[in-house]
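Notes to accompany the following structure.
The values are calculated or read from the model by the stated rules, or taken from the named source; none is laboratory data. Quick caveat: nothing in here was measured; it's all calculated off a predicted structure. Quick reminder, even Gly has a Cβ in these numbers, built from the backbone with ideal geometry, and neighbours come from all protein chains shown.
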Amino acid sequence: MPLRRRRSHYQQLTKFERGRVVGLREGGFSFRDIAERLGRNVSTVHDCWQQWSRESTALRRPGSGRPRGTTGREDRRVRSIAVAHRTAPAAEIRAAVGTTVTQRTVTNRLLQGQLQTRRPVACIPLTPNHSRLRREWCLARAN
């Protein structure tokens, strides 16, 4: 066995594909036929079937990544605040949630809901008087 496994052994199947693997296998198809139909490796299909045979479930097991810092309720609260207060920056949303979340978490939760965070204004917008004075200054030096 090689020292390093090929990345092709680690393909992930969607819920729908896992259901298709189980259905096709119960329908009498071989692992090779199923893998060819789905465009996946035979080993991936075989592993899915083995899990179904052992555990009677085709769901993905939880990964080894970092646990989420917010609950589903807090995620919904972040999104509802962002929709209700369209001009609120991420820092204000973070303060309104009530739990300790980072601004990056707020940004990520909004992006998951197809929303964007509001960034603070980089400079103060010019007043009409500033605009007039600036235009006069430019016109005086244009000649």
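Before moving on, here are some points about what is shown:
- Unique residue being within 34 Å of the chain's Cα centre (by Cα), at pLDDT 80 or above and surrounded by 17 or more Cβ atoms within 10 Å (Cβ to Cβ) when the list is R94, R77: R77
- From the options N129, N143, N108, residue that is on the phi < 0 side of the Ramachandran plot and modelled with pLDDT under 75: N143
- Scanning the range 29-44 for residues that are surrounded by 14 or more Cβ atoms within 10 Å (Cβ to Cβ) and either assigned to a loop (DSSP other than H, G, I, E, B) or in contact with a strand residue (DSSP E or B) (Cβ under 6 Å, 6 or more places away or on another chain) (or both) gives F29, R40, N41.
- Near pairs, Cβ below 9 angstrom, 6+ apart or cross-chain, from the range 20-35 (in the same structural domain as Q51 (by the TED database)) to any residue that is surrounded by fewer than 19 Cβ atoms within 10 Å (Cβ to Cβ) and among the acidic types (D, E): L24/D33
- Inside the range 90-117, residues that are touching a helix residue (DSSP H, G or I) at 6+ places or on another chain (Cβ under 9 Å), more than 10 Å from V78 (Cβ to Cβ) and not β-branched (V, I, T) make up a count of 6.
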